[in-house]
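Here's the structure we're looking at; comments come further down.
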Amino acid sequence: MPEKIKKVLKDLGIGKKIKKLRQEKGLTLQELSEKTGLSKGLISQIENEQVSPPISTLMKIANGLNVEISYFFEQDEPTEKITVVRKNERISSGRRGIKGNINIGYSYELLAHKRPHKHMEPFLVTFEPKERDDVIMFNHEGEEFHFVLEGKLEMIAEDHEPIILEEGDSLYFDSSIPHGFRGLEGKPAKTLTIVFQKS
């Protein structure tokens, strides 16, 4: 795993938070695996901060542990009614995904990680160009909104025709539908993405 991603995971302490919360709730790796549909091995790798989990994976773990996804991004700062994240304070996920050597096809930056107990999680997401057959599909309980800031984007969803979005287009959907994205025309596409987690 690239050192930059290791540092991001360590700084956020996502793996440690997951492990601590799982143990506080008296859940074994097997029980959390059954609740989330994720393998024990993957959960163990995330807890030990060996992989950088994509948003959909964190959503499944959050649902399995009965917390908001924002729980994993909270830092030890006082709760304020207004929080600001400066450009240089964004936290990036890096580009590696479920397994250290598999590229999931997108990276994301956290835009509101300082704010705890929120109902929405905003990100800047960059989708890499790839062949349609190489797109990895994800799903999680909740809803997603995407506004295309740069490039041309294709959304692929189970049992739906592919949707092509250009700069200025927006998309809102039920994220329980298996879905994936790719940049088109050999270039990355960037979106402002807001994820809502159903409780």
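Figure legend. Inter-residue proximity from segment 176-190: first residues assigned by TED's automatic domain parsing to the domain that holds Glu144 and free of Cβ contacts under 8 Å to residues at least 40 places away in the same chain, second residues surrounded by fewer than 21 Cβ atoms within 10 Å (Cβ to Cβ) and assigned to a strand (DSSP E or B), beta-carbon distance below 8 Å, spacing 6+ or different chains. Indicated pairs: Ile177/Ala157.
Yes/no matrix, rows are residues, columns are (1) free of Cβ contacts under 8 Å to residues at least 60 places away in the same chain; (2) touching a strand residue (DSSP E or B) at 6+ places or on another chain (Cβ under 8 Å); (3) over 22 Å from Ile61 (Cβ atoms):
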{"residue": "Leu110", "(1), (2), (3)": "yes, yes, no"}
{"residue": "Thr126", "(1), (2), (3)": "no, yes, yes"}
{"residue": "Gly142", "(1), (2), (3)": "no, yes, no"}
{"residue": "Ile163", "(1), (2), (3)": "yes, yes, yes"}
{"residue": "Phe173", "(1), (2), (3)": "yes, yes, no"}
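Can you confirm whether segment 153-173 contains a residue that is of a type in the set (Asp, Glu) and at pLDDT below 95? Checked segment 153-173: at least one residue is of a type in the set (Asp, Glu) and at pLDDT below 95. Within the option set His179, His160, being on the phi < 0 side of the Ramachandran plot and within 16 Å of the chain's Cα centre (by Cα) holds for one residue only, His179.
The residues on offer are Ser52, Ser56, Ser33, and the sole one that is in contact (Cβ under 8 Å) with a residue 40 or more places away in the chain, touching a Lys or Arg at 6+ places or on another chain (Cβ under 8 Å) and among the small types (Gly, Ala, Ser) is Ser52. Residues that are hydrophobic (A, V, I, L, M, F, W, C) and outside any loop (DSSP other than H, G, I, E, B) were ranked within segment 113-141; the one that is farthest from Asn88 (Cα to Cα) is Phe138.
Every residue in segment 24-57 that is surrounded by 15 or more Cβ atoms within 10 Å (Cβ to Cβ) and out of contact with any helix residue (DSSP H, G or I) (no Cβ under 7 Å at 6 or more places or on another chain), please. Once the filter is applied, which keeps residues that are surrounded by 15 or more Cβ atoms within 10 Å (Cβ to Cβ) and out of contact with any helix residue (DSSP H, G or I) (no Cβ under 7 Å at 6 or more places or on another chain), segment 24-57 yields Leu27, Leu42, Gln45, Gln50, Pro54, Ile55, Ser56, Thr57. Among the numbered conditions (1) surrounded by 14 or more Cβ atoms within 10 Å (Cβ to Cβ); (2) modelled with pLDDT of 80 or more, the only one that Arg95 does not meet is (2). For segment 107-135, a residue qualifies if it is at pLDDT below 90 and over 13 Å from the mean Cα position of the chain (by Cα), and the qualifying residues are Ala112, Lys114, Arg115, Pro116, His117, Lys118, His119. The number of residues in segment 47-84 that are modelled with pLDDT under 85 and part of a helix (DSSP H, G or I) comes to 8.
The values are calculated or read from the model by the stated rules, or taken from the named source; none is laboratory data. All of these numbers come straight from a predicted model, not from anything done at the bench. Heads up, the Cβs are rebuilt from the backbone with ideal geometry, glycines too, and the neighbour counts pull from every protein chain shown.
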